[in-house]
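Derivation of every value follows stated rules applied to the coordinates shown; laboratory data play no part. Being a predicted model, the structure only gives us computed values, none of them experimental. Reconstructed Cβ throughout: ideal geometry from the backbone, glycine too, with neighbour counts over all protein chains shown.
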Amino acid sequence: MHGSVTLGGQVLMGGDVAPDRYEAPKGFSLSLHIKSTSDAERIFHELAKDGRAVVPLEKTFWAARFGMVVDRFGIPWVINGGEPDQPTEG
């Protein structure tokens, strides 16, 4: 299977390999900066389903929410949500 996304007029593509050639991902993470704290919380928790939270999603001095999670496929994610002075959305 494969997928693609267009970013700035360029196409980024990815694909999988046959199961007997699979190796666990290592040495990278994907980062998302999300404007809304509620969206950051939702995305973080969806990624953590059948995965694991590495750093809980909490307020920091640089973001209203920051956390690290590994999804069910073993992909590490860094989530930043909102600005540090942004009020928490309920």
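The table that follows gives values for the structure above.
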| item | result |
| --- | --- |
| Filter result (assigned to a loop (DSSP other than H, G, I, E, B) and surrounded by 10 or more Cβ atoms within 10 Å (Cβ to Cβ)) within segment 23-41 | Pro25, Ser29, Lys35, Ser36 |
| Residue in segment 56-75 that is within 25 Å of Asp16 (Cβ to Cβ), assigned to a loop (DSSP other than H, G, I, E, B), in contact with a Phe, Trp or Tyr (Cβ under 7 Å, 6 or more places away or on another chain) and acidic (Asp, Glu) present | yes |
| Given (1) basic (Lys, Arg); (2) within 20 Å of Asp85 (Cα to Cα); (3) more than 15 Å from the chain's Cα centre (by Cα), number of the condition Arg21 does not satisfy | (2) |
| When residues of segment 42-64 are limited to those that are of a type outside the set (Phe, Trp, Tyr) and within 12 Å of Asn80 (Cβ to Cβ), the one surrounded by the most Cβ atoms within 10 Å (Cβ to Cβ) | Ala64 |
